[in-house]
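Take a look at the structure set out below.
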Amino acid sequence: MKKDIFHAIADPTRRAILTLVAIQALTPNAMAEKFAITRQAVSKHIKVLHECGLIKPAQSGREIYYHFNAKKMQEFDHWLAQFRQSWETQFNQLDQLLLTIKEQK
């Protein structure tokens, strides 16, 4: 079953793995060293991230390195962009309202 990106980024450990892999491709063992969880737990997180396309494996000799898939994150960012303008408008309106209330005091 293919996981969706929302499921993947909902977990703080997976977000931390994404941050690490965005900086440098890592093996599962190298990732596991960064966390106080088992190698098996890290493997489960990797599986979710891979299934939704946020990381991609690449074989290098006997090791598998996982790379950040910026294209997939860009797709997510494009999807969020449709809401970003609306949020910014609403926040700006709220700022103006708060300034008006502050000036009236």
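The values are calculated or read from the model by the stated rules, or taken from the named source; none is laboratory data. In this text the structure is predicted, and so the values were computed from the model without any measurement. Neighbour counts are summed over all protein chains in view; Cβ atoms, including those assigned to glycine, are modelled from backbone coordinates with ideal geometry.
Figures for the structure shown
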| item | result |
| --- | --- |
| Extreme residue, nearest to the chain's Cα centre (by Cα), among residues of the range 45-80 that are part of a strand (DSSP E or B) and of a type in the set (D, E, K, R) | Lys56 |
| Answer from Asp95, Asp11 - the residue that is within 17 Å of the chain's Cα centre (by Cα) and of a type in the set (Asp, Glu) | Asp11 |
| Looking only at the range 19-43, and only at residues there that are part of a loop (DSSP other than H, G, I, E, B) and in contact with a strand residue (DSSP E or B) (Cβ under 8 Å, 6 or more places away or on another chain), the one that is nearest to Lys71 (Cα to Cα) | Ala25 |
| Subset of the range 81-105 (residues that are surrounded by fewer than 10 Cβ atoms within 10 Å (Cβ to Cβ) and hydrophobic (A, V, I, L, M, F, W, C)) | Ala81, Phe83, Ile101 |
| Residues located in the range 55-71, provided they are modelled with pLDDT of 95 or more and among the aliphatic types (A, V, I, L, M) | Ile55, Ala58, Ile64 |
| Every residue from the range 1-57 that is surrounded by 14 or more Cβ atoms within 10 Å (Cβ to Cβ), free of Cβ contacts under 8 Å to residues at least 40 places away in the same chain, within 23 Å of Trp79 (Cα to Cα) and small (Gly, Ala, Ser) | Ala16 |
